[in-house]
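Take a look at the following structure, please.
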Amino acid sequence: MKNILFLILLLTNITVQSQNIYEKKTIELFDKIILNIGNMSKKSPEIKLVETEFNPASFNSRNKTIFIEKKLIKLFQNNPNFEDIMSYIISHELAHHYESHGWMKDVSFAYQSFEEKILEKKERDEKDEFKILQRKQEESQADMFGG
């Protein structure tokens, strides 16, 4: 019984350690990419590895933070192209930062509730359609810049 318990604890520890290795690799990749971008005119964002499970990778323009879910890292950790995959994901999110995506969302929050009261349904629909098109454009730009 002791041997089985020891084996379970050992395997659990090895799994946790290997996951931590890939989390460390992800942070190291982020640091290398920031250095290679070489754009010191704009403060680089922070990166946070999180336990959430609703958005695998994202950039928050308000607090200048890139969030990478640990679940995403775990998904790719056994892939021989782990570094390539994570580098692209990180670069895509960095592109949102360096291309200043999201700044209009930050500025418009103060006026959004006022506008919502004034606009008719048609204008709201046009506004939503514009947001969708703007989002698609930003994602395409981040794909190209990140690549």
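The values are calculated or read from the model by the stated rules, or taken from the named source; none is laboratory data. Being a predicted model, the structure only gives us computed values, none of them experimental. Ideal geometry is used to build each Cβ from the backbone, glycine not excepted, and the neighbour counts take in all protein chains shown. Note: areas computed on protein heavy atoms with side chains; ligands, DNA, RNA excluded. Shrake-Rupley method; radii C 1.70, N 1.55, O 1.52, S 1.80 Å.
Hey, among K70, K105, which residue is modelled with pLDDT of 90 or more and of a type in the set (K, R)?
Being modelled with pLDDT of 90 or more and of a type in the set (K, R) holds for just one of K70, K105, which is K70.
Hey, another quick one. Tally time: how many residues in region 55-95 are under 22 Å from E138 (Cβ atoms) and part of a helix (DSSP H, G or I)?
Total satisfying the criteria: 12.
Every residue in region 33-54 that is in contact with a Lys or Arg (Cβ under 8 Å, 6 or more places away or on another chain) and assigned to a loop (DSSP other than H, G, I, E, B), please.
K43, P45, E51, E53
For region 47-98, give me each residue that is open to solvent by 60 Å² or more (accessible area, probe 1.4 Å) and of a type in the set (F, W, Y).
Correct list: F54, Y88.
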